[in-house]
Every structure is written in C-alpha cells, then in structure tokens.
Amino acid sequence: MLLPMIAMFTDFGRDGPYVGQMEAVLASVAPDVPRISLMHDAPVCNPRLSAYLLAALLDHVPSGVIVLAVVDPGVGTRRRGLVIHARSHVLVGPDNGLLAIAARRQRPSTWHFIDWRPEGMSNSFHGRDWFAPVAARLAAGKEVPLCPCAPGIGTEWPDSCHEIIYVDHFGNLMTGIWGHELGEECRLCVKGRVITHARTFAEVPEGALFWYANSQGLIEIAANRRRAADCLDAAMGTRVSVIPDASEIL
C-alpha cells in the first residue's frame, strides 16, 4: 500500500530551530511517511495572503498528500485547529483562514475541528506540539479525535486577491489573481504605474516591467533582469488594480 506524504507550508523561515523541530515530530510519530517542504517563507503572520499562495501551490502537489500548514499569529489563543478533507488533499492547520481558499478550490470539502490536544502543549509553538502530531497521526493511520464543523474563517474572502502575496528571490511580485482571469489585453496598475502583458522576460527590453501568468497559475509582475519589487517600491500587501481597457480601472 502506498503511504501518504506530508507536505509542510509555514512562515517559519529556514533559519532557526522551528522547521527542524516539526520534522523531528513527524519522523517520531510517522517514521516511514515521506515529507516534503512546499515553502517556509510564506507571508509572515499573514494567513489571508498565505491562503492564496497555498491554494496555488497545491495544484502541483499529488493527490492524497496531507498538507501541514502553519501561519498562525493567533497561536496560544482559543482559535480552533482544523482538519479539512478536501477533494485532493487533507489539510491540517489553524482556523484562521489559511486553509479556506484551498478548501474552496478543492470542493467538496468536509471540515472538522481537532478535538484533541496533547499534554504539555506550549502556548507559542502549536505547529510542533499540535498540528504536526495530528498530521503525522493521520499519515500513520492512527486515530485523531475530530468533530464535524461548519466552514470557518476565510469562507467570506473573495476567490482572488488583488494584492501582492509574495515577493520571490528575484524580486518578482506574485499576486493573488488567477492567470485564467485576465486576457493579454488587460493592464495592471501598481502605485500609479501601468504594466502591460508579455509572455516571457525576453519579450521586453532589459529593465522593463511586464506581467504574465506564472508557473503557479497566478498573475506575476516582473522586470527583465531587474527586481520588480525595487522598480515599484512594492511589497506584500501592495494593491494591484486591473485595467480591462483604456478607460476603466477596477
């Protein structure tokens, strides 16, 4: 029988002890289950922006994977922990909207809150002490007490996010707008700068800005051999407007 896989998505960063400690828990509870890291530099303490990024990344993750997602500024509060059985993946993480967009894109999905907390759980690291053990137990076929619940935080968020949700190593600006939503005739407006479409970097002059549908299926703003983030003085959360024609800005 093919074992499931656990995919981790966090805002912890690669430096420091946090990712390693989560991996140690997974290895202890489910030693035979393979683990991969989707990313560990999700928008820090921002489950709303992270939700759109997570949903896009999961389009390229095999079905049946257990997704351990932790962007959790409410750690230590009374917010719930969730297990969502979606069409393609099982999602584990906090009820703060982080899982909501992925669950919506993978309907039908069944939401459960985690009716179990381990003894000695810290107030500041539920990724290690709560969500990682739950994901590992599910992967290992062990029982996890769950209670059905209504869909939680994030269900009211729009399907697309017209903001910068991620700035990559090259300074490219990933938006939360899905690539299929825009025709090539559309233009984007960021901080008063109007940006047109190009298919590849080489189609524009060196230093020029353009937008394209990236490999994750999201609209991204880039500059040929320059950092678009610097060109636009833009960061995560910067608003992106769509201009469908010369007269209208949405």
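The values are calculated or read from the model by the stated rules, or taken from the named source; none is laboratory data. The structure displayed is predicted, hence computed values, not measured ones. Here the Cβ positions follow ideal geometry from the backbone for every residue, glycine too, while neighbour counts run over all protein chains shown.
Per-structure values
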read-out: Test: residue in the range 94-110 that is touching a residue at least 60 places away in the same chain (Cβ under 8 Å) and not polar (S, T, N, Q); value: yes
read-out: Unique residue being crowded, with 21+ Cβ neighbours inside 10 Å and assigned to a loop (DSSP other than H, G, I, E, B) when the list is ASP72, ASP32; value: ASP72
read-out: Extreme residue, nearest to ALA140 (Cα to Cα), among residues of the range 28-48 that are in contact with a strand residue (DSSP E or B) (Cβ under 8 Å, 6 or more places away or on another chain) and of a type in the set (Gly, Ala, Ser); value: ALA30
read-out: SER63 buried (at least 20 other Cβ atoms within 10 Å of the Cβ), among the polar types (S, T, N, Q) and assigned by TED's automatic domain parsing to the domain that holds LEU99; value: no
read-out: Those residues of the range 76-89 which are in contact with a Gly (Cβ under 8 Å, 6 or more places away or on another chain), modelled with pLDDT of 95 or more and within 19 Å of PRO62 (Cβ to Cβ), in sequence order; value: HIS89
read-out: In the range 146-172, the residues that are hydrophobic (A, V, I, L, M, F, W, C) and either more than 12 Å from LEU53 (Cα to Cα) or without any contact (Cβ under 8 Å) to a residue 24 or more places away in the chain (or both); value: LEU146, CYS147, CYS149, ALA150, ILE153, TRP157, PHE170
read-out: Search result, residues across the range 3-23 that are out of contact with any strand residue (DSSP E or B) (no Cβ under 9 Å at 6 or more places or on another chain), on the phi < 0 side of the Ramachandran plot and without any contact (Cβ under 8 Å) to a residue 24 or more places away in the chain; value: ASP15, PRO17, GLY20
read-out: Residue check for ALA229: in contact (Cβ under 8 Å) with a residue 40 or more places away in the chain, touching a Lys or Arg at 6+ places or on another chain (Cβ under 7 Å) and not in a strand (DSSP E or B); value: no
read-out: Out of ILE153, ILE165, sole residue that is assigned to a strand (DSSP E or B), within 23 Å of the chain's Cα centre (by Cα) and not hydroxyl-bearing (Ser, Thr, Tyr); value: ILE165
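Yes/no per residue for (1) out of contact with any helix residue (DSSP H, G or I) (no Cβ under 8 Å at 6 or more places or on another chain); (2) among the polar types (S, T, N, Q); (3) under 13 Å from PHE131 (Cα atoms); (4) in the same structural domain as ALA132 (by TED's automatic domain parsing):
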| residue | (1), (2), (3), (4) |
| --- | --- |
| THR10 | no, yes, yes, yes |
| ALA56 | yes, no, no, yes |
| VAL67 | no, no, yes, yes |
| VAL75 | no, no, yes, yes |
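Results for (1) loosely packed, with under 13 Cβ neighbours inside 10 Å; (2) within 18 Å of the chain's Cα centre (by Cα); (3) outside any loop (DSSP other than H, G, I, E, B), shown as yes or no for each residue.
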{"site": "MET174", "(1), (2), (3)": "no, yes, yes"}
{"site": "ILE177", "(1), (2), (3)": "no, yes, yes"}
{"site": "GLY183", "(1), (2), (3)": "yes, no, no"}
{"site": "ALA202", "(1), (2), (3)": "yes, no, yes"}
{"site": "GLY207", "(1), (2), (3)": "yes, no, no"}
